[in-house]
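A quick write-up on the structure given underneath.
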Amino acid sequence: MSEELFKTMAQSVIEGDADRAGELARQALAQGIAPLDAINQGFVLGVNEVGKQYACGDMFLPDLVMAGEAMKAAVAVLEPEMQRTGTERKMLGKVVLGTVKGDIHEIGKTLVGTMLTANGFQVFDLGTDVPTPKFVEKAREVNADIVGLSALLTTTMTAQRDVIEALNEAGLRSQGRHPIAVKVMVGGAPVTRSWAAEIGAEGYSEDAIGAVAVAKQLMGL
Ligand code: B12
């Protein structure tokens, strides 16, 4: 019975139908299905599928955006219920995420945030065009495990290095001198693995699904 509902949930995300996704989330709650099961066995499978189809060229940017919106609509219904019933997901780690200074591209960054949230990370999304000191402040404030930096322009990639340097200067990346050691992962269309290595970022992924795997790896999971 719930198998069918899980499939319909995944399908609503694949079709990018945010209204339907929200409605199915409410239906799941009404049927007593655990919110976590609805996310992990239903909606996430849909968003993973869309990511895969986008990667191989069978789906396009609007499909990704709509799938992200549908996923967010479902999580918005389920998350308060998880908190209310105290069945909050095991939190895997805290990620401060944003698009770097001078860059207003938000779609990929938001997808990465949605995927991380759906997979159990607590995400603090600072938005776009984020000034370098803001990443440092937020990382310190929330005791972040990971800072995720998105850059879509060759001219703004250098701001990823600026953030890493600022985190270094703030002492947030050296375990010895500070209780937390923040790891950095970077991404965005012009960003490459070798750029990540050059600027000293611990993680790089070319897509949102990979970002979850990288974040888990950085947490030692
Ligand atoms: C949509 C778009 C816009 C929209 C953005 C709308 C929005 N709300 O985000 C608008 C119209 C605003 C825009 C503006 C500009 N854009 Co534009 N834009 C694009 C476009 C077509 C798609 C970007 C996108 O959303 N892709 C889809 C998402 C899903 O992919 P993604 O962002 O790459 O993210 C994925 C991965 O990179 C990765 N990822 C992303 N972030 C992160 C972070 C982490 C931590 C990790 C691990 C992974 C990760 O995972 C994501 C999900 O799979 C690209 C072309 C392209 N193919 O990239 C050009 C592009 C990026 N833009 C470009 C340019 C030049 C501009 C402008 C300068 C144009 C202008 N003259 O005004 C301005 C810059 C404005 C600014 N200051 O930022 C160029 C950049 C050239 C360069 N190499 O520097 C591109 C490449 C187009 C081109 N071929 O010329 N743009």
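State all residues of region 191-221 that are charged (D, E, K, R) and without any contact (Cβ under 8 Å) to a residue 60 or more places away in the chain; if no residue qualifies, say none.
Arg193, Glu198, Glu202, Glu206
When the residues of region 14-73 are filtered to those that are of a type outside the set (Asp, Glu), part of a loop (DSSP other than H, G, I, E, B) and without any contact (Cβ under 8 Å) to a residue 24 or more places away in the chain, which remaining residue is surrounded by the most Cβ atoms within 10 Å (Cβ to Cβ)? Steps first, please.
As a first pass, look at region 14-73 and keep what is of a type outside the set (Asp, Glu): 14, 16, 18, 20-22, 24-36, 38-48, 50-57, 59-62, 64-68, 70-73.
Of the ones still in play, those that are also part of a loop (DSSP other than H, G, I, E, B) are 16, 31-34, 56-57, 59-60.
Subsequent filtering for residues that are without any contact (Cβ under 8 Å) to a residue 24 or more places away in the chain retains 32, 56-57, 59-60.
Details: Gly32: 7, Cys56: 7, Gly57: 7, Met59: 19, Phe60: 10.
In this case the residue turns out to be Met59.
So Ala215 passes all but one of these: (1) in a loop (DSSP other than H, G, I, E, B); (2) more than 14 Å from Ala139 (Cα to Cα). Which condition number does it fail?
Status for Ala215: all satisfied but (1).
Pairs please, first residue from region 90-107 and closer than 22 Å to Thr154 by Cα and within 10 Å of the ligand (Cβ to nearest atom), second anywhere and acidic (Asp, Glu) and outside any loop (DSSP other than H, G, I, E, B), Cβ atoms under 8 Å, 6+ apart in sequence or on different chains.
So the pair list comes out as Leu97/Asp125; Gly98/Asp125; Val100/Asp162; Lys101/Asp162.
Taking the criterion of being part of a helix (DSSP H, G or I) and either among the acidic types (Asp, Glu) or within 11 Å of the ligand (Cβ to nearest atom) (or both), would at least one residue in region 136-154 satisfy it?
Initially, region 136-154 is screened for residues part of a helix (DSSP H, G or I), giving 136-142.
Filter once more, so that each one left must be either among the acidic types (Asp, Glu) or within 11 Å of the ligand (Cβ to nearest atom) (or both): 137, 141.
Yes, region 136-154 has at least one match.
So is Gly113 assigned to a helix (DSSP H, G or I), within 25 Å of Ala34 (Cα to Cα) and in contact (Cβ under 8 Å) with a residue 12 or more places away in the chain or not? Quick ask: steps written out before the conclusion?
On the way: assigned to a helix (DSSP H, G or I): yes; within 25 Å of Ala34 (Cα to Cα): yes; in contact (Cβ under 8 Å) with a residue 12 or more places away in the chain: yes.
It is true that Gly113 is assigned to a helix (DSSP H, G or I), within 25 Å of Ala34 (Cα to Cα) and in contact (Cβ under 8 Å) with a residue 12 or more places away in the chain.
Just the residues that are within 7 Å of the ligand (Cβ to nearest atom) and under 15 Å from Ala67 (Cβ atoms), please, taken from region 203-217.
Result: Asp207, Ala208.
Lys94 versus (1) at pLDDT 95 or above; (2) farther than 27 Å from Met219 by Cβ: which is the lone unmet condition?
(2)
The values are calculated or read from the model by the stated rules, or taken from the named source; none is laboratory data. None of these values were measured; they are calculated from a predicted model. Don't worry about glycine lacking a Cβ; one is built from the backbone with ideal geometry, like all the others, and counts go over all protein chains shown.
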